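The values are calculated or read from the model by the stated rules, or taken from the named source; none is laboratory data. Remember, predicted model here, so these are calculated numbers, not experimental data. These accessible areas exclude ligands, DNA and RNA; they are computed on the full protein's heavy atoms, side chains included. Shrake-Rupley method; radii C 1.70, N 1.55, O 1.52, S 1.80 Å.
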Amino acid sequence: MTQNKRLVACPTCKKLVEFSTLNAYRPFCSKRCEMIDLGAWANEDYAIPAAEKDNDLPDELTQ
Ligand SMILES: [Zn+2]
């Protein structure tokens, strides 16, 4: 029969890793790659310019 192993490519470094419950960071190959991917997300959030709506203050602040 076929082996019960499934290989996936790590989204960060493209290394083939075993997709199993033994790999806590699946589909990443390591915690480092997981953090890099999460970091990329955070950076995208950060990249959104702080285009303020300070010309539209809430009423509580304009008393
Ligand atoms: Zn990786």
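Numerical summary
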| quantity | calculated |
| --- | --- |
| Count - residues of the stretch 19-29 that are open to solvent by less than 70 Å² (accessible area, probe 1.4 Å) and more than 21 Å from A40 (Cα to Cα) | 2 |
| Among the residues listed as T21, T12, the single one being hydroxyl-bearing (S, T, Y), under 12 Å from the mean Cα position of the chain (by Cα) and at pLDDT 75 or above | T12 |
| Selected residue (only one of E44, E52 is assigned to a loop (DSSP other than H, G, I, E, B) and at pLDDT below 65) | E52 |
